[in-house]
Structures are given as C-alpha cells and as structure tokens.
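Visitor: Below you'll find the structure I mean.
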Amino acid sequence: MMENHEIEKTVFIEKEKKRKKYSWKRKCLIILLSFLLVGVGLFLFLFYGPWDGFRNFWITSSMTTMSHQYLATFFYRDETIQKVLEKNKIIEVDDVSNPHLITIKQYKGKHIIYASRYEEQILKKEEGNDLYKVIEVAGKGYQGYLVAIYDPSRVTIATTNYLGVKGELITTVAKREDAIIALNAGGFYDPDWNSNGALPHGTVIQNGKIVSDFEDAKMGGGMVGFTYDNKLLLGKYSASEAIQVGYRDAVEFGPYLIVNGKSSFVKGNGGWGIAPRTAIGQRSDGIVLFLAINGRLATSIGADMGDLTEIMENYGAINAANMDGGSSTELVINHQIINHPVAAGVNGLRTMPTFWVVK
C-alpha cells in the first residue's frame, strides 16, 4: 500500500511540474503576443494614424538623406509623400547678402546694458579669452552649442589632404591645421550613407582658389563663405562668379536661413525632419556664429530648420546658412570633441572633406 501511495505521489508531482511548466510557457506566449499586438498597433498608429507628427518626421527625414529615400517610399505612396513635403518646406529669401550691412567692430571695455540676454551672452566675453565663447543652447527636444567667434579674419576653410580620394576625421584636420576651433562644413557625395567622405558637393574655395567643383547637393542655398574683408557672403554663384565677387574661403550648401536680416519662411519642419544640425552665421558687428545641435539622443532628439533659424535670429545673425547635419555634425575646440557625434566611427566621428576652422 505504501509503495502504491509513493508511486501515486510521484506521478502527481510530475504532473504538477508539467502543468506549471506548461502554464509558464503559456503566460510567456501571451505576454509575447500582447507585446506584438501592442507593437503592431503602435506602428499602425504612428505611420498611418490621424496624428501626422511622426509621419511628417519620418518622411521628411528620409527624403533628405537622398540615398535612403526608400525608408519613406516603402511605407507611403508618392501622393502621400508629396503632400507631406508640401506641408514641410523652407522658402528661402531670394536675395544675395549685402556686405555693406556688416561693420566689423572691436568691442572694448565692459558692456553694462544689453539689449537682451542673448546679447549679453554674446558680448560678455570670458575673462582671458578674446577669440571665442561657447554658449549652451537648448529648446524643445534639442540641446547644443553656439560658438561666438570675435575675429572673423581667423575663420577659414580646411579640407582633407586627399580630396577626391578619401576624407579625414575632424580631429585629424584640426590637429594638422593647429585649429583652435573646427566645425564640419558642406555636404559630400554619400551614395551608400557610408562613403569615405572624399567628394564635397558643390564648389569649394580655399584661400581664393577653387580646390574642388563637384556637382552640388541640390539642397537649396548656394555659396556660403567669407570675402577678403571677412564678411559672410551668401549668394547663388557659379564657381567662376564666386571667384570674381571675392570669396576667399567658401563651400556650396544650404538652405539659407537668414539673408540681410530677413529669415527664410519655414513651413512645418522645413522639410528636413529633425536631426543633429550644423549652421554658420554672422552678425552685423562681424561676430561669427558656429552652431552644432546634438541629435538622435534621448536627451536631444535634434532640431529642424525652424529651430536653427530661431537660434540664429535670437543671437543677432544677419546672414546664416545650414551646413551638413545628421551624422556629420561635429564640433571640436582645442582638440576636444564638444558635441555628441552620432556616426558609427570612433568617438562617433566620420571622415569628411570640408571643415570650418579658426586658427
């Protein structure tokens, strides 16, 4: 009798173990299916629901990559994409910047009264540093750095030593040029989103000479650079015209954000989506503004064209233009990486062909 009881007890325990094991597997399956259903529901809501915020972000961000437009065309019809792009675009000021509106000033002494907190941030120099000042900027969904450069004559273009062959890291170029500040400049031919940054889009002028003249990026804007009297000039010129009007250092990119104090009209997010951003500008007193916005981070999703324009407006830019952004946005000061680059390379850096440097 005892043996039968023990056998029955053992069988019961085994059945109980199997039941619990099956129950555990069933619960896991239910949880996985629940997550799958929620995920599918969230996907459908974001991509096809009544709220168009994510749809606008997805389409505009994808379509401006040029080489990754399939990320939008796979999910949406051409009609839908065109409607979104029509709602999100930047209409540039149809004008050439007027250098006579810029009078380079040498500020001396202490300024007691400032027109705004932005003016105070710009004009109140750090003790012992008359060349530049780093200002942290932040807004809804973004964080970054604005660098005020007080001597525009020290802003020039630097390039990779291997134009047309391969790009170089910004840290490498900054060290070779003995640059105090370095910022990524124009865009480059990047058909697979993983090129070596050898070919800059558009015309590149260095020290008054054309060093590269590849097809432009067709991203708006035009020539962005400094004349021999150290004024930022924005204008839609051919390579030969750019030399004739007196560019000493320039790249070709855009869109233009501000021309002669008039801001471009940004509809929606400007058609560029939200991402890390780079921009350059100059105030009427000659102070140059470098801007690098972090993006694709939990703490800083990124900025759109409207954000860039607003920042440049706040800090008094009379002329300003967008530079290459996304994984190209990189700012180096005293050989230290200041922003948070998001490329796949070492320290988030990628090889590129052109850079703004301050020496």
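What follows is calculated from the coordinates using simple rules that are stated; it is not laboratory data. Keep in mind it's a predicted model, so treat the numbers as computed, not measured. Don't worry about glycine lacking a Cβ; one is built from the backbone with ideal geometry, like all the others, and counts go over all protein chains shown.
Visitor: Full extension from Tyr107 to Leu36: what is 0.36 nm times the residue separation minus their Cα-Cα distance, to one decimal in nm?
Guide: 19.4 nm
Visitor: In whole Hz, with x marking every Gly and Pro, tabulate ³J(HN,Hα) for the range 90-97 from phi via Karplus 6.51 cos²θ - 1.76 cosθ + 1.60, θ = phi - 60°.
Guide: Once rounded to whole Hz, the list reads 10, 9, 6, 5, 8, 7, 9, 5.
Visitor: What list do you get for Asp95, Asp285, Asp304, Asp249 if you sort them by fewest beta carbons within 10 Å?
Guide: Fewest to most other Cβ atoms nearby, the residues stand as Asp95, Asp285, Asp249, Asp304.
Visitor: I've got another one for you. Could you give the dipole magnitude of the chain about its Cα centre, charging the beta-carbon of Lys and Arg +1 and that of Asp and Glu -1, in debye to the nearest 20?
Guide: The dipole of the chain has a size of about 1240 debye.
Visitor: Could you give the alpha-carbon Rg of the chain over 2.2 N^0.38 Å, rounded to two decimals?
Guide: Scaled against compact globular proteins, the figure is 1.30.
Visitor: Using 0.36 nm per residue of separation minus the Cα-Cα distance, give me the extension gain between Asn347 and Glu126 in nm, one decimal.
Guide: Fully extending the segment from Asn347 to Glu126 adds 76.7 nm.
Visitor: Still on this structure: Please list the non-local residues whose amide H lies under 5 Å from the amide H of Ser212, H modeled 1.01 Å from N, same-chain partners needing a gap of 5 or more.
Guide: Val204
Visitor: Moving to a separate point now. Scan around Gln143 for amide H atoms under 5 Å from its own, H built in the peptide plane at 1.01 Å from N, and keep only partners 5 or more places away or cross-chain.
Guide: Under 5 Å from the amide H of Gln143: Asn294, Gly302.
Visitor: Counting other C-beta atoms within 10 Å, which of Arg176, Arg55, Arg154, Arg283 has the fewest, and how do the rest follow?
Guide: Lowest count first: Arg176, Arg154, Arg55, Arg283.
Visitor: Taking a cut-off of 19 Å between Cα atoms, list the aspartates and glutamates near Lys140, but don't count ones fewer than 8 places away on the same chain.
Guide: List returned: Asp52, Asp304, Asp307, Glu310, Glu313.
Visitor: Net charge near Tyr48: determine it from the other residues with C-beta under 12 Å of the C-beta of Tyr48, scoring Lys and Arg +1 and Asp and Glu -1.
Guide: +1
Visitor: Could you give the radius of gyration (one decimal) and Dmax (whole number) of the Cα atoms in the range 76-123, in Å?
Guide: Final numbers for Rg and Dmax: 21.1, 61 Å.
Visitor: Using modelled amide H (1.01 Å from N, peptide plane; none on Pro or chain starts), what sits under 5 Å from the amide H of Asn339, excluding residues fewer than 5 places away?
Guide: Here the answer is Leu331, since their amide H atoms fall under 5 Å of that of Asn339.
Visitor: Also, quick follow-up: Stokes-Einstein diffusion coefficient for the range 201-303 at 10 °C in a medium of 1.306 mPa s, Rh from the Kirkwood formula over Cα pairs: what value in µm²/s?
Guide: Taking Rh from Cα pairs, D becomes 107 µm²/s.
Visitor: Just the Kirkwood number for the range 82-177, please: inverse of mean 1/r across all distinct Cα pairs, in Å, one decimal.
Guide: 18.1
Visitor: Taking neighbour Cβ counts within 10 Å as the exposure measure, how do Val204, Val96, Val251 sort from fewest upward?
Guide: Ascending number of Cβ neighbours within 10 Å: Val96, Val204, Val251.
Visitor: Charges at C-beta only: +1 for Lys and Arg, -1 for Asp and Glu. How large is the resulting dipole of the range 116-243 about its Cα centre, in Debye rounded to 20?
Guide: 100
Visitor: On to the next question. How many percent of all Cα-Cα pairs in the range 291-352 sit more than 16 Å apart?
Guide: Percent of Cα pairs beyond 16 Å in the range 291-352: 49.
Visitor: For the range 250-359, just say rounded, prolate or oblate: build the C-alpha gyration tensor, square-root its eigenvalues into a ≥ b ≥ c, call rounded for a/c under 1.5, and beyond that prolate if a/b exceeds b/c, oblate if not.
Guide: oblate
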